Amino acid sequence: MSQHSNSDFQRGVANLLSCLGGVHNESVGILIDPGTDDLLRVETERVLRAEGARTRVVELPASEGTDAEVPATAAAQLEGLDAVVEITAVSVRHSQARQDLQQAGTRYLYVGSPPPHLFDGTGAMYADFPAHRQRIEHLADRVTAGSIMQITTTRGTDLAIDLGGRSGRALTGMADRAGQFGTPPCLEWGLVPSLAGTTGQLIADAYGVGLGLLSEPIHARIENGRMVHIAEGHEGQRLSDLLESAHTPHAYQVSEVGVGMNPEAQMIDDMMSAEAVLGTAHIAVGTTPADPGVERVQAGLHIDLVFWHPTITIDGDVVMEEGRLVAEQ
């Protein structure tokens, strides 16, 4: 990370950490790895201590894969803490350890390793996270109460997602309640669908984790919750190669449906901003999010595929039309 001792960097880190709510006299773990930026680690610890927290830095060993599991020795150091802040270069946010911590009541804030340009004073980092909470939670409640979600785009995406028995997922950025998970600046609503609950055609035309900004749309067919065909093309081949590199059929499992809700987020080559852009949605394949109560599928990777201007209906009611949220009735 470039030199970010400036006020923008400090303001950005403070805004992210404010999503924990009050931490006075609380125990807060700071989860790092060898790739964690030193300035980010120092500033994270400074802000938390200034707010009255008792901090514990826990370092993970180097890992080549994404969404790795947390070693037992490190997981034991996180047990019983009021909150954990993950600022790792290699994510462990989809790990069993995170699920266990949340189930025990620990608040978990995933910040990751943001690139320097996200701290330039504008953009996703500087959103007013509490201001968007109620809307995101309301839309997640619509998912919980619904039976079927349909997502279409003018480019050809046409997906049906079975909502029966699934809880809506509200990523408000906030982790100020016991057992809550926040991923600021990524604001979204959606769900972890059932293993066979997604069918149809996906046209991803914006961004892909591990791929970056897409130079051409990726056409993929999904049947019974699995990606069964990826059309030929440069970006399609890159996606195929990435999924094959996991050496497991679980890599093709649809593991998440999300709808971006951060009005400050920009479509740039960064996961936390790209998949949060208001006016987009994304389908992920691979490892399932480690939300409490969710049956976990471990693939060693989690690939979000983002597309523009979705029209989304829940039980026939339009909630988003070509990327624009429809006013609540």
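The values are calculated or read from the model by the stated rules, or taken from the named source; none is laboratory data. All values reported here derive from a predicted model rather than from experimental measurement. Glycine gets a Cβ as well: all are built from the backbone with ideal geometry, and neighbour counts include every protein chain shown.
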Top-ranked residue of region 305-329 - restricted to ones that are outside any loop (DSSP other than H, G, I, E, B) and charged (D, E, K, R), ranked as surrounded by the most Cβ atoms within 10 Å (Cβ to Cβ) | Glu321
Any hit, region 129-145, residues being under 21 Å from Asp270 (Cβ atoms) and either touching a strand residue (DSSP E or B) at 6+ places or on another chain (Cβ under 6 Å) or aromatic (Phe, Trp, Tyr) (or both) = yes
Please list, ordered by first then second residue, the pairs with beta carbon atoms under 8 Å, 6 or more apart or interchain, first in region 15-41 and in contact (Cβ under 8 Å) with a residue 24 or more places away in the chain and assigned by TED's automatic domain parsing to the domain that holds Val90, second crowded, with 17+ Cβ neighbours inside 10 Å and aromatic (Phe, Trp, Tyr).
-> Asn15/Tyr126; Asn15/Phe129; Ser18/Phe129; Cys19/Phe129; Leu39/Phe9
Go through region 38-60 residue by residue and tally those that are part of a loop (DSSP other than H, G, I, E, B) and either in contact with a helix residue (DSSP H, G or I) (Cβ under 9 Å, 6 or more places away or on another chain) or at pLDDT below 95 (or both).
-> 3
Report yes if Ala68 is in contact with a Gly (Cβ under 9 Å, 6 or more places away or on another chain), surrounded by fewer than 17 Cβ atoms within 10 Å (Cβ to Cβ) and modelled with pLDDT under 95, otherwise no.
-> no
Might you let me know whether region 261-275 holds any residue that is of a type in the set (Ser, Thr, Tyr) and farther than 30 Å from Pro116 by Cβ?
-> no
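For every residue, the table says whether it meets (1) buried (at least 16 other Cβ atoms within 10 Å of the Cβ); (2) aromatic (Phe, Trp, Tyr); (3) without any contact (Cβ under 8 Å) to a residue 40 or more places away in the chain.
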site: Ile148; (1), (2), (3): no, no, no
site: Thr152; (1), (2), (3): yes, no, no
site: Asp162; (1), (2), (3): yes, no, yes
site: Gly173; (1), (2), (3): yes, no, no
site: Leu187; (1), (2), (3): yes, no, no
